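I have placed the structure first, in the form of structure tokens, so that the comments after it can refer back to it.
The values are calculated or read from the model by the stated rules, or taken from the named source; none is laboratory data. Source: prediction; values computed, not measured. Glycine also receives a Cβ, built like all others from the backbone with ideal geometry; neighbour counts cover every protein chain displayed.
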Amino acid sequence: MPQIIAPSLEAAPDSQADAEVLFPIREVARLTGVNPVTLRAWERRYGLIQPVRTESGHRLYSSADIDTVHRILDWIERGVSVSKVGKILARDQLSGAPVATSRSDTELEWQQWQAQLRLAISAFDDRELGQLYGQIFSAYSTTVVFQDILMPLWQQLLRHQGRFGQASEWLFFDNFLRSRTAQRLQLACASPAPRVLLAAIAGGCRELELLVAGLLMSSDKLAVKVLGVGQPLDELTLICERTRPQALVLFSNHSPGVELPSRLNRLALTLNCPLLLAGDASDLAEHSLAGSSVGCLGNDGRLMQRRLQQFLSGRLET
């Protein structure tokens, strides 16, 4: 039977794993900062969480449920309404994004790497961190390294900064990853391959997210040049005129405002190259951009590079 962090509550009738730890709603509220009324509303009204019940009806939440709560909070902070979060979570599961409930051997390996990384981060040991970074890259593809191992850990550290020292740990890891990712991008841009420009929409992402997106889009046939965070949108036309890229990609992980589609369409009219949108905003704005000249690449590293190549070859319609 699962271990329950509440001695007075009965065991859940249908446990998913013998060693699973279950938490009562008051403990989940303490761990996440979301009050019990809101947690119950997310369950009843939107179906975002599905805790198990004891025989007397008490809710018990797994570690996966707590991770889902943090993901919901992350989307809300990005400007996505609660009513739309369910579709995004379902999309992530269908696209094969890593989910905390998975028990596959591969994901257990990723978690073991993350545990070793956390030890190096907590010790502020840049040498050990660098060695682990190299070992991980020797074992997995670039997409797996960033999308399934490094960035999920980076996001966890970003969310959990309640205790003394945790903010410093995240800054240490963020600085390390930005430096290493920028190095890899610089090497990719040194190739004679045609270039694509990548720029962030103001307030749409952190620098590391932009750099990683550029790295995941890059290939032997296409180099991605990342413009600095804070690049003015209205000066992109000038940059494209002078550098003549194969395409301009705008990136954002925040919910797109209602004015974004019209802004992008106006920008597209001034460019001498295709305009594309990537990041979570791409999936959220895809319907409103349907039929326009602006293409959507999504935010999955396994798809962005392929969609980009298809757009440039004319094999994928906007």
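Among the residues of the range 271-278, at least one is out of contact with any strand residue (DSSP E or B) (no Cβ under 8 Å at 6 or more places or on another chain) and either over 28 Å from D74 (Cα atoms) or not in a loop (DSSP other than H, G, I, E, B) (or both). Where residues in the range 112-122 are over 13 Å from F173 (Cα atoms) and loosely packed, with under 15 Cβ neighbours inside 10 Å, which of them is modelled with the highest pLDDT? Ranking the qualifying residues of the range 112-122, first place goes to A115.
Yes or no, residue by residue, for (1) of a type in the set (K, R); (2) assigned to a helix (DSSP H, G or I); (3) surrounded by 13 or more Cβ atoms within 10 Å (Cβ to Cβ); (4) in the same structural domain as L222 (by TED's automatic domain parsing):
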{"site": "F124", "(1), (2), (3), (4)": "no, no, yes, no"}
{"site": "Q131", "(1), (2), (3), (4)": "no, yes, yes, no"}
{"site": "L157", "(1), (2), (3), (4)": "no, yes, yes, no"}
{"site": "R163", "(1), (2), (3), (4)": "yes, no, no, no"}
{"site": "W170", "(1), (2), (3), (4)": "no, yes, yes, no"}
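Please tell me if T68 is modelled with pLDDT of 85 or more and of a type in the set (V, I, T). For T68, the condition - modelled with pLDDT of 85 or more and of a type in the set (V, I, T) - is met. All of (1) in a helix (DSSP H, G or I); (2) touching a helix residue (DSSP H, G or I) at 6+ places or on another chain (Cβ under 7 Å); (3) at pLDDT below 95 hold for R180 with one exception: (3).
Of the residues in the range 204-223, at least one is in contact (Cβ under 8 Å) with a residue 24 or more places away in the chain, over 22 Å from Q183 (Cα atoms), outside the structural domain of Q155 (by TED's automatic domain parsing) and surrounded by 15 or more Cβ atoms within 10 Å (Cβ to Cβ).
Per the listing R306, R302, R266, the residue uniquely of a type outside the set (A, V, I, L, M, F, W, C), in the same structural domain as C205 (by TED's automatic domain parsing), closer than 28 Å to I72 by Cβ and assigned to a helix (DSSP H, G or I) is R302. If the condition is being aliphatic (A, V, I, L, M), under 28 Å from P256 (Cα atoms) and not in a loop (DSSP other than H, G, I, E, B), then the range 18-63 contributes L39, A41. Going by the structure shown, is N272 of a type in the set (S, T, N, Q), modelled with pLDDT under 90 and in the same structural domain as S219 (by TED's automatic domain parsing)? Criteria not met by N272.
Name the single residue that is farthest from V34 (Cα to Cα) among those in the range 172-194 being in contact with a strand residue (DSSP E or B) (Cβ under 7 Å, 6 or more places away or on another chain) and surrounded by 18 or more Cβ atoms within 10 Å (Cβ to Cβ). Residue satisfying both the conditions and the ranking: A188.
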